[in-house]
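Worksheet for the structure shown next.
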Amino acid sequence: MHTDARKLENNTKIEGDICIVGAGAAGISMALDWNKNGKNVILLEGGGFEYDNKIQDLYSGNSTGQRYYPLRSCRLHLFGGTTGHWGGMCAPFDPIDFKKRSWVSDSGWPITLQDLVPFYKKAQSLFELDTYNYNLHYWQKEYPAITPFPLDKDIIWSKMWQFSPPTRFGKTYKETIVKSPNIHLYTYANLTKIITNNTASSIKELIVKNHEGKTHKVRAKKFVLACGAIQNARMLLASRGVAKKGIGNDNDVVGRYFMEHLEIKSAELWLRKPISTELYIFDYSTRKPRAELALTERIQEESGILNGTASLTPLVMAKQQTPLIDVWNNEDPRKSFDKLVANFRKSREQNTSWQEKKGNRAFELFTRMEQAPNRNSRITLSNEKDALGVPRPQLHWELTHLDKYSLRKFYHILGLQMGKAGIGRVKLEEFLWDENDNAMPDQLGGGWHHMGTTRMSEDPNKGVVDANCKVHGISNLFIAGSGCFSTAGAPNPTLTLVALSLRLSDYLKTS
Ligand SMILES: Cc1cc2nc3c(=O)[nH]c(=O)nc-3n(C[C@H](O)[C@H](O)[C@H](O)COP(=O)(O)OP(=O)(O)OC[C@H]3O[C@@H](n4cnc5c(N)ncnc54)[C@H](O)[C@@H]3O)c2cc1C
């Protein structure tokens, strides 16, 4: 079922068993999991089925600290959410990502990789991906040409990725949601406030509004916020009533620990002699699985560094590419997206000449690295309000010494191993030369991956949700999405956030 909330009578009361707020990757995955199961599921979406500039403007906000993409355009505010723009890169987290690491403050999830594996398998098909197998040997049988570099396996390994078409959730799953007998989707239903009971121990109802001046109330037994990591934190902080500091924020953790992936051109690789690089080059035309170079758990521990990977791009192509942070700078997400596509197209034209030029031996090494959890990196509220009266978000993105140290050390190790194996030489980018320089350059980009703002921890002083994604101290409020990540892992987050949402869905069915 579908209702445009703008067409409802003002002050309509909406009731159901479970209410999911936000129809992006997380919200739609959860709703689909409840399809035809007899429960009355309310799915609230702030936007409509098409882009709407007035709705998108509700996402505007300011940033301080490390330079970041405009908050207005780094997410999409409509049915399907940011999957309308995502690239489809998928890989599960590594076992180490969930562990407590003595050298990474506030690391350690209350769950393990094994807890997520059944849900990764389930998530895989939602992304129209092949089998849940991220083992190099498995893929080598299918593509014999993909051979790993002859590096010491105790030090460096090849982490496999798969590529979703990319699935646009708003297009692929619209019909199933709209025709579902028990999911009731309301578009143009923007959550503006969460109302608790008198002791702030449970959620009573949600207030939703739209630009037509209509206000509705939503009641359910259980509520799930699935509006993305920045927006979920903003909604909790903005819902001040009985809970004076915002909902779930008695310990001042909501919005803190904002994390991104550190994505930046970091070095060049010059091969000594021709060697197959096919495994490590992303081919847009086939989207076949490929790998990135990663350091083993033991080496990360011995070196005291974060988890990360390096990918290869032919240098002639890489030199045509402008850093993403300089490309994705338009406040209109559609314009930024067009610029991104043009940027890749420009470099792909060079790919043809690269392929023809036999014996080309120069590659760029591009980093994708987790950011260390940092309390000071955070979302807060600004004094300015959006058109529906909700305070706008403010991002302070702050990095630490460990982030820069890990980046530099990663390439020192990689360079040493490439030399030892006779593969070639690694030349670091200038920003990594000075060992005393802890600053990150302005060309550092993120992957538009927002994580950590409602992080998972069994300790309410360190996290907003528990191992089941339930907000500490509130009996019927849950969070879905990468805001729940305790640490960021190196891979892009969407496969993991959908797996985590499906795990939450499973929990809600049985609790
Ligand atoms: C250019 C780009 C490329 C990317 N590439 C990749 C990639 O290759 N791999 C990867 O893993 N990730 C990638 N990502 C990130 C990926 O898109 C996100 O991780 C993912 O979409 C987040 O899912 P979500 O459901 O948590 O949030 P979203 O998809 O952002 O969905 C949130 C939903 O909540 C709705 N909403 C917000 N506020 C309210 C409210 N107040 N009331 C009601 N509804 C509300 C929104 O309209 C939206 O539908 C990319 C992102 C971008 C921008």
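The values are calculated or read from the model by the stated rules, or taken from the named source; none is laboratory data. Quick caveat: nothing in here was measured; it's all calculated off a predicted structure. All Cβ positions, even for glycine, are placed from backbone atoms using ideal geometry, and neighbour counts span all protein chains on display. Calculation scope for accessible area: heavy atoms of the full protein, side chains included, ligands and nucleic acids excluded. Shrake-Rupley method; radii C 1.70, N 1.55, O 1.52, S 1.80 Å.
Key figures for this structure:
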| quantity | calculated |
| --- | --- |
| So D403, is it at pLDDT 95 or above and open to solvent by 10 Å² or more (accessible area, probe 1.4 Å) | no |
| Conditions (1) more than 9 Å from the ligand (Cβ to nearest atom); (2) under 19 Å from D386 (Cβ atoms); (3) among the small types (G, A, S); (4) crowded, with 22+ Cβ neighbours inside 10 Å: number failed by G46 | (1) |
| Qualifying residue in the stretch 144-152 (condition: among the hydroxyl-bearing types (S, T, Y) and in a helix (DSSP H, G or I)) | no |
| Failed criterion for L151 (all others in (1) away from the ligand (no atom under 14 Å from the Cβ); (2) over 29 Å from A421 (Cβ atoms); (3) of a type outside the set (S, T, Y); (4) surrounded by 14 or more Cβ atoms within 10 Å (Cβ to Cβ) hold) | (2) |
| Output for the stretch 164-193, where each listed residue is in a strand (DSSP E or B), within 10 Å of the ligand (Cβ to nearest atom) and surrounded by 21 or more Cβ atoms within 10 Å (Cβ to Cβ) | Y186, T187, N190, L191 |
| Number of the condition not met by S382 [criteria: (1) in contact with a Phe, Trp or Tyr (Cβ under 8 Å, 6 or more places away or on another chain); (2) open to solvent by 10 Å² or more (accessible area, probe 1.4 Å); (3) at pLDDT 95 or above; (4) closer than 27 Å to Y68 by Cα] | (1) |
| Some residue of the stretch 68-79 being farther than 30 Å from N438 by Cβ, free of Cβ contacts under 8 Å to residues at least 60 places away in the same chain, assigned to a loop (DSSP other than H, G, I, E, B) and of a type outside the set (V, I, T) | yes |
| Qualifying residue in the stretch 86-101 (condition: touching a residue at least 40 places away in the same chain (Cβ under 8 Å) and closer than 30 Å to H211 by Cβ) | yes |
| Test: residue in the stretch 160-181 that is closer than 30 Å to L293 by Cα and basic (K, R) | yes |
| Of all residues in the stretch 409-419 being farther than 11 Å from L306 by Cα and not aromatic (F, W, Y), the one that is farthest from the chain's Cα centre (by Cα) | G419 |
| Subset tally (residues that are open to solvent by 10 Å² or more (accessible area, probe 1.4 Å), closer than 21 Å to Y132 by Cα and not in a helix (DSSP H, G or I)) for the stretch 482-511 | 1 |
| Any hit, the stretch 221-237, residues being under 21 Å from A26 (Cβ atoms), open to solvent by 20 Å² or more (accessible area, probe 1.4 Å) and within 15 Å of the ligand (Cβ to nearest atom) | yes |
| Residue match in the stretch 109-120 (condition: within 16 Å of the ligand (Cβ to nearest atom), among the hydroxyl-bearing types (S, T, Y), open to solvent by 10 Å² or more (accessible area, probe 1.4 Å) and in contact (Cβ under 8 Å) with a residue 40 or more places away in the chain) | no |
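Listed here are the residues, each with its yes/no results for (1) in the same structural domain as R72 (by TED's automatic domain parsing); (2) at pLDDT 95 or above; (3) within 16 Å of the ligand (Cβ to nearest atom).
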residue: R287; (1), (2), (3): no, no, yes
residue: L295; (1), (2), (3): no, yes, no
residue: R298; (1), (2), (3): no, yes, no
residue: S303; (1), (2), (3): no, yes, no
residue: T313; (1), (2), (3): no, no, yes
residue: D326; (1), (2), (3): no, yes, yes
residue: E331; (1), (2), (3): no, yes, yes
residue: S336; (1), (2), (3): no, yes, yes
residue: T352; (1), (2), (3): no, no, no
